[in-house]
Amino acid sequence: MSKICCFTGHRKILRDEMIRLPEILDKVLESLIWQGVSTFRAGGAIGFDTVAALAVIEKKEAYPEIKLDLELPCKDQSDGWSDDDKRVYEYVISQADSISYTCEKYRKGCMYERNRRLVDGADFCVAFCSSEKGGSAYTVNYAKNHGVTVINVYEIVKTCINNA
């Protein structure tokens, strides 16, 4: 039976963390694919969501059976983003296997609703979460409370930095 993994994480990732993140994320994705994960859900935000989505797109070359599903909060999510961030966002959208929106236009609560949709029905949640507050922490706690296995790659990244 095919399994589902969702992603959640911070928008801002420090340079030292970003240097180590792709290799760690690659290993985690490889392990999840071997455990039967074939669907990966991302929320489309700047930061970890984008890094994770790009990693899945790259993995699709070796594993064409895996899918990238985007659960986006609203169609105007990228309003106010830089041109570079919008270009990457459009690329991720163009590579997605499916896209769904919580609502047409941004409204209060749509991000949290999107986060719950990411988690609902998932078997795993790969997080980049360093705080006990905010949307990523909310999503991690929601996942734990719903029996989803959480893998916080932030902890792995921090361990690598501290041992360097």
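The values are calculated or read from the model by the stated rules, or taken from the named source; none is laboratory data. Values in this document were obtained by computation on a predicted structure and should not be read as measured data. With ideal geometry, Cβ positions are generated from the backbone for all residues, glycine too; neighbour counts draw on all protein chains shown.
In segment 121-143, what count of residues is obtained for those that are acidic (Asp, Glu) and in contact with a strand residue (DSSP E or B) (Cβ under 9 Å, 6 or more places away or on another chain)?
The total comes to 1.
Residues that are buried (at least 20 other Cβ atoms within 10 Å of the Cβ), over 12 Å from the mean Cα position of the chain (by Cα), modelled with pLDDT of 95 or more and part of a helix (DSSP H, G or I): does segment 42-55 have at least one?
No: segment 42-55 contains no residue that is buried (at least 20 other Cβ atoms within 10 Å of the Cβ), over 12 Å from the mean Cα position of the chain (by Cα), modelled with pLDDT of 95 or more and part of a helix (DSSP H, G or I).
Of all residues in segment 121-143, which are part of a loop (DSSP other than H, G, I, E, B), under 14 Å from the mean Cα position of the chain (by Cα) and closer than 19 Å to Lys12 by Cβ?
Cys129, the sole residue that qualifies.
Regarding segment 27-35, can at least one residue be identified that is surrounded by fewer than 20 Cβ atoms within 10 Å (Cβ to Cβ) and not in a helix (DSSP H, G or I)?
yes
Inspect segment 64-73 for any residue being crowded, with 21+ Cβ neighbours inside 10 Å and closer than 21 Å to Lys27 by Cβ and give the result as yes or no.
Yes, because at least one residue in segment 64-73 is crowded, with 21+ Cβ neighbours inside 10 Å and closer than 21 Å to Lys27 by Cβ.
Could you go through segment 106-120 and let me know if any residue there is part of a loop (DSSP other than H, G, I, E, B) and closer than 24 Å to Ile151 by Cβ.
The answer is yes; a qualifying residue exists.
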